[in-house]
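Let me begin by presenting the structure, written as C-alpha cells, before commenting on it.
Every number here is computed from the coordinates shown, using simple stated rules; none is lab data. Predicted model only: the values in this text are computed from it and were never measured. Counting neighbours? That spans all protein chains shown, and the Cβs are built from the backbone with ideal geometry, glycine included.
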Amino acid sequence: MIFDKIKLGYGYSDLEPHIDALTLETHYGKHLQTYANNLNNILEGHEDLVKGKTLEEVLSDLEAIPEDIRQGVINQGGGVSNHNFYFSILSPNAKKEPSGKLLEAINKKFGSLDAMKEKLNSVTVGVFGSGWGWLVLDENGELEIISTKDQNSPYSLNKKPLITIDVWEHAYYLKYKNVRPEYVKNIWNVIDWAKIEEIYEGYIK
Ligand SMILES: [Fe+2]
C-alpha cells in the first residue's frame with residue numbers, strides 16, 4: 001500500500017464505555033480499511049504523482065492531482081488522513097486537560113478551555129449530514145474551530161489539525177443512535193491532551 005491506515009495504539013474495547021468495541025472495530029477495521037483500499041486503487045498507475053510525499057502533503061496540493069482522479073483522492077485520501085488523525089488522538093489513558101503553551105493559546109483565543117470545547121462541540125454537532133469538527137491552526141498559526149463536509153481535509157484548506165471529532169453516523173450510531181450531542185460530549189473522555197500538546201509543539205517550533 002502507498003498510503004495505509006495507522007496502527008491503533010489501543011484495543012477495540014479500551015475506549016469503552018465512551019466508544020464501544022463494535023463501533024471501533026467496524027470504524028477502524030472496515031470503514032478506514034475501505035478508504036485505504038480505495039485510495040490505493042485510485043493511485044495505481046499514478047505512483048509518480050505521490051512519490052516521496054506524505055498523504056497530508058498530497059491533500060495540501062490538490063492542484064497537482066489530475067482532474068480525473070482528484071475527487072477520488074479528496075474523498076478516499078481525506079478518508080484515510082482524517083481517520084488516521086482521529087484514531088491517533090484517542091487514548092484510554094487520556095490526559096484530561098491541556099497545559100503549557102497550548103493552554104495559554106486556547107485561553108487567549110477562546111477565553112477558557114470550557115469555552116473552546118463548547119464552541120467545538122456546537123460546531124461539530126451542527127454539521128449537517130456527514131463530516132468533521134476540528135480545532136486547527138490556521139495559515140497564520142492561530143487557533144481556529146472549523147468543520148469540514150464529507151471527507152474534506154483541513155490540509156486542503158491550508159490548516160493543520162489539532163483535534164478532530166468524526167460525526168459520520170458510523171462513528172457513533174451503534175451506541176448513541178441519533179443522539180449525536182451525547183457522543184460529542186463523551187468523546188472528550190478519551191481525547192488525549194498529551195498527544196495534542198505534542199502535535200502543537202511540533203507545529204510551533
Ligand atoms: Fe469515520
Per DSSP helix of 4 or more residues, -39500 (n - 2.57); summed, then divided by the residues of the chain. What does that give at 222 nm, rounded to the nearest 500? -12000 deg cm²/dmol
For the chain, what is the charge dipole size about the Cα centre, in debye to the nearest 20, if Lys and Arg each add +1 at the Cβ and Asp and Glu each add -1 at the Cβ? 540 debye
Positive end of the dipole of the chain, charges at C-beta (+1 Lys, Arg; -1 Asp, Glu), about the Cα centre: which of Ile163, Ile65, Asn107 has its Cα farthest in that direction? Asn107
Grab the alpha carbons of region 19-205, take their convex hull, and tell me the volume per residue in Å³. 116 Å³
Rounded to the nearest 20 Debye, what is the dipole magnitude of region 42-96 about its Cα centre when Lys and Arg each give +1 and Asp and Glu each give -1 at the C-beta? 560 debye
Could you let me know the centre-to-centre spacing of region 57-77 and region 160-179, using Cα atoms, in angstrom? 24 Å
I need the shape label for region 76-137. Rule: rounded when a/c is under 1.5, else prolate if a/b > b/c, else oblate, with a, b, c from the alpha carbon gyration tensor. oblate
FRET efficiency estimate (nearest 0.05) - Cβ-Cβ, Val179 to Glu57, R0 25 angstrom: 0.10
Express in nm, to one decimal, how much length is gained between Arg70 and Glu144 on full extension, taking 0.36 nm for each residue of separation and deducting their alpha carbon distance. 24.0 nm
Residue farthest toward the positive end of the dipole of the chain, with Cβ of Lys/Arg at +1 and Asp/Glu at -1: which of Val190, Leu49, Phe87? Val190
Using DSSP to define loop residues, name the GluC sites (Glu not before Pro) in region 6-82 whose beta-carbon has at most 13 other beta-carbon atoms within 10 Å. Glu44
Distance in nm between label sites at His46 and Ser130, each 7 Å beyond Cα in the beta-carbon direction? 1.9 nm
I'd like the FRET efficiency for Ala115 and Asn37, computed as 1/(1 + (r/R0)^6) with the beta carbon distance as r and R0 of 45 Å, rounded to 0.05. 0.65
Take Tyr10 and Glu97, extend 7 Å from each Cα along the Cα→Cβ direction, and tell me the distance between the two endpoints in nm. 2.0 nm
